[in-house]
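The values are calculated or read from the model by the stated rules, or taken from the named source; none is laboratory data. The shown structure was predicted, so the numbers you read here are calculated from the model rather than taken from an experiment. As a convention, Cβ positions derive from the backbone with ideal geometry for all residues, glycine included, and neighbour counts pool all protein chains shown. Calculation scope for accessible area: heavy atoms of the full protein, side chains included, ligands and nucleic acids excluded. Shrake-Rupley method; radii C 1.70, N 1.55, O 1.52, S 1.80 Å.
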Amino acid sequence: MRELLRVVPCVALERMIFTVTDDEGGTAVVFVAWVEFGDGEAARRFKELEDVHGTGDITPLAGALVQVKDVPFTAHNYDSDVVDGVTVVIAEAENVVGGFTAEYLDDIAEIAVGTPRP
């Protein structure tokens, strides 16, 4: 990932972290990043590499910002999309408290990709 960003640098990066809870007291933390590039080809290349687990990632914000312990993001509960042709949106979700299933966390990430850019 670092090598790609050295060759094809992004022009903007915005990140957000928030929590979601269920009725049983479970909490998940969600990280969303918007990585904007100068053209669609660069965005496509970045997304293609980002979607391969283990190739690198955008560093999530600290959990302390939303008053939860820092949770290691594994990128197993992940989704991404290209919006406006040049921006890659990345979303990851992890359990903080409770037992959200991997499938449920995947669903959270899928929905979080649609979060409006700040």
When the Karplus curve 6.51 cos²θ - 1.76 cosθ + 1.60 is applied with θ = phi - 60°, which whole-Hz ³J(HN,Hα) does each residue of the stretch 15-23 get, with x for Gly and Pro?
10, 9, 9, 8, 10, 10, 10, 10, 5
How far is helix 40-50 tilted, in degrees, relative to the longest principal axis of the Cα atoms in the chain, given as a value from 0 to 90 rounded to the nearest 10?
40
Gain in span if fully extended, Ala62 to Val97, counting 0.36 nm per residue against the direct Cα distance:
11.0 nm
What order, most packed first, do the peptides 7-13, 92-98, 34-40 have when packing is the mean number of other Cβ atoms within 10 Å of each residue?
92-98, 34-40, 7-13
Three-way shape label, the stretch 43-101, alpha-carbon gyration tensor, a/c 1.5:
prolate
³J(HN,Hα) computed for each position of the stretch 76-88 - Karplus, 6.51 cos²θ - 1.76 cosθ + 1.60, integer Hz, glycine/proline x:
7, 10, 9, 8, 8, 7, 9, 10, 6, x, 10, 10, 9
For the stretch 94-105, just list the computed ³J(HN,Hα) in residue order, Karplus coefficients 6.51, -1.76 and 1.60, θ = phi - 60°, integers in Hz, with x standing in for Gly and Pro.
9, 5, 10, 9, x, x, 4, 6, 4, 5, 5, 5
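If the only charges are +1 at each Lys and Arg Cβ and -1 at each Asp and Glu Cβ, what is the size of the charge dipole of the chain around the Cα centre, to the nearest 20 debye? Kindly include the intermediate steps, with their values, before the conclusion.
Values: 8 positive and 22 negative charges, 114 e Å.
Charge dipole, the chain, about its Cα centre: 540 debye, nearest 20.
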Percent carbon-and-sulfur accessible area, the stretch 52-118, ignoring ligands, DNA and RNA, probe 1.4 Å:
57
Asn77 long-range amide H proximity, modeled H, under 5 Å
Ala93
Stokes-Einstein at 10 °C, 1.306 mPa s, Kirkwood radius from Cα pairs: D for the chain in µm² s⁻¹?
109
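What is the gain in length, in nm to one decimal, between Val83 and Arg45 on full extension, counting 0.36 nm per residue of separation less the C-alpha to C-alpha distance? Walk me through the numbers on the way to the answer.
Details: separation 38, 0.36 × 38 = 13.68 nm, distance 1.40 nm.
Once the chain is fully extended between Val83 and Arg45, it gains 12.3 nm.
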